[in-house]
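J.: Please read through the structure below; I'll follow up with questions.
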Amino acid sequence: VRKKEFTKPLVIFVAGAWAPEGMRFSHASSIIERGKGSAKSKIQTLKEAGVHVVDRPDELAPTIKRLIQAK
């Protein structure tokens, strides 16, 4: 997306944005530590790359519709 090789609008929802830093999930690789791997850092990186990030799953369809109509 960042390289502009992906030409279609990309819209995502990042589940787990509510998770506090250091919270453990089902396996060790899901540990969030010092901002690395947190939903907040992922969202920021995705936005910087040009991805449309929504806050709630019910915002996916309306956002996609708006982007398609804007073309």
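The values are calculated or read from the model by the stated rules, or taken from the named source; none is laboratory data. As the structure is a computational prediction, the values presented were derived from the model and not from experiment. Note that we place each Cβ from the backbone using ideal geometry, even for glycine, and neighbour counts take in every protein chain shown.
J.: All but one of (1) under 11 Å from the mean Cα position of the chain (by Cα); (2) modelled with pLDDT of 90 or more; (3) of a type outside the set (Val, Ile, Thr) hold for Ala70; which doesn't?
T.: (1)
J.: Next question, about the same structure. When you scan the stretch 55-70, how many residues do you find that are surrounded by 12 or more Cβ atoms within 10 Å (Cβ to Cβ) and in contact (Cβ under 8 Å) with a residue 12 or more places away in the chain? Steps first, please.
T.: Step one: of the stretch 55-70, the residues surrounded by 12 or more Cβ atoms within 10 Å (Cβ to Cβ) are 59-60, 63-64, 66-67.
Filter once more, so that each one left must be in contact (Cβ under 8 Å) with a residue 12 or more places away in the chain: 59-60, 63-64, 67.
So the answer is 5.
J.: Every residue in the stretch 1-24 that is at pLDDT below 75, surrounded by 10 or more Cβ atoms within 10 Å (Cβ to Cβ) and under 16 Å from Ser41 (Cβ atoms), please.
T.: We begin by selecting, within the stretch 1-24, every residue at pLDDT below 75; these are 16-24.
Now narrow it down to the ones that are surrounded by 10 or more Cβ atoms within 10 Å (Cβ to Cβ): 16-17, 19, 21-24.
Residues satisfying the conditions are Gly16, Ala17, Ala19, Glu21, Gly22, Met23.
J.: Of all residues in the stretch 41-54, how many are farther than 10 Å from Ile12 by Cβ and either surrounded by 13 or more Cβ atoms within 10 Å (Cβ to Cβ) or touching a residue at least 40 places away in the same chain (Cβ under 8 Å) (or both)?
T.: 5
J.: Exactly one of these conditions fails for Gly50: (1) at positive phi; (2) modelled with pLDDT under 80. Give me its number.
T.: Here Gly50 clears every test but (2).
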